[in-house]
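These notes are about the structure you will find just below.
What follows draws every value from the coordinates through simple rules; no lab data is involved. Only a predicted model underlies this, so the values are computations on that prediction, with no experimental measurement involved. Here Cβ is always computed from backbone atoms with ideal geometry, including for glycine, and neighbour counts include all displayed protein chains.
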Amino acid sequence: MTNTKDLNDRIRQRAYELWEREGRPHGRDSEHWKMAENELGAAPAAASPTVTAKTAPAAPVPVKRPSLLRGRKPTAPPAQPVR
């Protein structure tokens, strides 16, 4: 927990510095926060995955599903009772 708090404090401080350096623009807090995360190497792994040829997923292979009727003769639906 302490490491996370320390990291958030460092990100917050850096984002503030970036905000001040850019003239304190309104409404760009998320952008400054992300820039600070990137600079500090703290960006979540899911937010910026690195995909290379070695780590890229292979093309999906079509799955053959066995036919439930293979080897059987088709049957007619059950007859309805006559009223």
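For Glu37, Glu31, which order do you get if you count the other beta carbons within 10 Å of each Cβ and list the fewest first?
On the way: Glu37 20, Glu31 14.
Neighbour counts put them in this order, fewest first: Glu31, Glu37.
Counting every other Cβ atom within 10 Å of each residue's Cβ, His26, His32 order from fewest to most as His26, His32.
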